[in-house]
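Trainee: First the structure, which I've put down as structure tokens, then a few questions once you've had a look.
Read-outs throughout are calculated quantities, based only on the coordinates presented, and are distinct from any laboratory measurement. These numbers were taken from a predicted model, which means no experiment stands behind them. All Cβ positions, even for glycine, are placed from backbone atoms using ideal geometry, and neighbour counts span all protein chains on display.
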Amino acid sequence: MNLPEDPDTAPEINIVPMIDVIFVVLTFFILSSLFLTRSEGLPVNLPGAATSEQQLQDYSLTLTITNGGDLQLGNEATSLSSLASLVQARRVGDRPLLIIIRADAAVPHGQVVAVMDQLRTLDNVGMAIATQPPSLAPAAE
């Protein structure tokens, strides 16, 4: 009986498909982590408060008041007159809603009060003012 000879080439492992799979998984985790970050609105210098507490609520919206007095609800610019209707449009059912007001430290107190007055006209809406620890607060001028 005449048997064929064994091939002289050694077996090898091709790792290119494994590298492709690793890059696909890495891409998935990078993209999914981008969607997990919370949008806090525009960057502002928050005032410091030593007694601040974390507010935990299921449904909340962030209202940012910039140094120039511009208002932004979430990622959408708004005005004081249309603020209440925009909050109502973003509301889901009749669940309690927490509006987190992120006002720059240089914003006049009267403007923050005017915003809070507009929000107070809505039913089942709570308000919180965002602060940061005193060690991170900008120096008073």
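Trainee: Near the amide H of Gly126, under 5 Å away, which other amide H atoms are found, from residues 5 or more places off or on another chain, if H is placed in the peptide plane?
Mentor: Leu97, Leu98, Ile99
Trainee: Nothing charged except the Cβ atoms of Lys and Arg (+1) and of Asp and Glu (-1): what's the magnitude of the dipole of the range 59-140 about its Cα centre? Round to the nearest 20 debye.
Mentor: For this selection, approximately 140 debye.
Trainee: Which length gain, in nm to one decimal place, applies between Ile15 and Ser79 when the Cα-Cα distance is subtracted from 0.36 nm times their residue separation? Present the calculation step by step, with values, prior to reporting the outcome.
Mentor: Values: separation 64, 0.36 × 64 = 23.04 nm, distance 5.74 nm.
In short, 17.3 nm is gained.
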